[in-house]
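Visitor: My structure is below; once you've seen it, I'll send some questions.
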Amino acid sequence: MPKNPLAEVFGFPVDNMSAMAINHRKNRLCPFHNSSGPNCTKFSIQNPLGICSIFQGNNLVITCPIRFRQNYSILSDAGRFFFGNQKFIALTEVRLSDKTGKAAGNIDIILAVLNANKCVTDFGAIEVQAVYITGNISNGFQNYIDKPEQRYSSDWPAKNYPKPDYLSSSRKRLAPQLIFKGGILHQWEKKTAVVVHRGFFEQLPTLETSREQEADIAWMIYDLKRDKTTNTYQLSQFDIQYTKFETALSKITTPETGDIHSFTERLEKRIRNGKLFGTPPANPVEPVVEPIDI
């Protein structure tokens, strides 16, 4: 049976039984600077799903965007790309609208440079993209949180085993964010930093890079490294890739074309089997719907 996929819960490895880890689990605390306060609020205020990261084999996958706020590293790294050595302030969840006033979404983090009169002289946007999960993880989370000491190494049911959904995370979430919000920022000639985990970036198509001075987007790639002394995971910068806006967006949103002959063969097979429009199935059965929850 598969092993427990949970890596971090409420900020600590699932096998960390220190007093601080126990306190965070008991009181559902978030150590990564959640804007809503000290408590984790993922999916629910009263009963949050406090999973920060999961395992994919031996690799880690960050599943909560707040997890990237550890030590404020993403702020300083993005600030250097936006402004060099200038001082800045940070604001979270800033609404962005188009020309008609229609909401284009909220920008995760805005870094802004102010003058002596507290007027904004420059700004840049940070978009944080964690990874969605397919399969059932909430039941296992609850099973663990009830008795962490006994269940952190428990086997996990193979049915609906949780795994990262990179395709949905990139094309259904990140790409629309870049199209709408990124498009407005690009027309304003403002830079964007996209914060992702290493595993997420490695699943993206190979992007055409540019010089930092000419880039519109900085892909800020992070990893988690285990600190054996404290038995915690520490966020560390793995790499930064610089790209132009149009080339990056085109690469992400354009699928790699498959073989047209394979597609026509599929059509011909259905025709031979009589599976045409309006043709009822030979043995109709009730569909089986597996619940998928995160």
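Visitor: Return the pair list, or none, for Cβ contacts closer than 8 Å from residues in the range 99-127 that are over 22 Å from residue 194 (Cα atoms) to residues that are among the polar types (S, T, N, Q) and assigned to a strand (DSSP E or B), at least 6 apart or on different chains.
Guide: 114/121; 115/121
Visitor: Restrict the check to the range 152-173 and report whether at least one residue is assigned to a helix (DSSP H, G or I) and touching a residue at least 60 places away in the same chain (Cβ under 8 Å).
Guide: yes
Visitor: Give the residue that is nearest to the chain's Cα centre (by Cα), with candidates limited to residues of the range 186-233 that are assigned to a strand (DSSP E or B) and of a type in the set (Ser, Thr, Tyr).
Guide: Ranking the qualifying residues of the range 186-233, first place goes to 222.
Visitor: Say we look at the range 59-82 and pick out the residues that are touching a residue at least 60 places away in the same chain (Cβ under 8 Å), assigned to a helix (DSSP H, G or I) and among the aliphatic types (A, V, I, L, M); which of these is surrounded by the most Cβ atoms within 10 Å (Cβ to Cβ)?
Guide: My answer is 78.
Visitor: I've got another one for you. May I ask you to list the residues in the range 217-231 that are under 24 Å from residue 131 (Cβ atoms) and of a type in the set (D, E, K, R)?
Guide: Within the range 217-231, 223, 225, 226, 227 meet the criteria.
Yes/no per residue for (1) in contact with a strand residue (DSSP E or B) (Cβ under 7 Å, 6 or more places away or on another chain); (2) farther than 30 Å from residue 77 by Cα; (3) modelled with pLDDT under 80; (4) in a helix (DSSP H, G or I):
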| residue | (1), (2), (3), (4) |
| --- | --- |
| 251 | no, no, no, yes |
| 266 | no, yes, no, yes |
| 271 | no, yes, no, yes |
| 277 | no, yes, yes, no |
| 280 | no, yes, yes, no |
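Visitor: Let me ask something additional. Only one of these is in contact with an Asp or Glu (Cβ under 8 Å, 6 or more places away or on another chain) and either assigned to a helix (DSSP H, G or I) or modelled with pLDDT under 95 (or both): 85, 106. Name it.
Guide: The conditions single out 106.
Visitor: Given the condition out of contact with any Asp or Glu (no Cβ under 9 Å at 6 or more places or on another chain), of a type in the set (D, E, K, R) and in a helix (DSSP H, G or I), answer yes or no: does some residue in the range 29-47 qualify?
Guide: No, the conditions are met nowhere in the range 29-47.
The values are calculated or read from the model by the stated rules, or taken from the named source; none is laboratory data. No experiment lies behind these values; they were computed from the predicted model shown. So basically every Cβ, Gly included, is an ideal-geometry build from the backbone, and we count neighbours across all protein chains shown.
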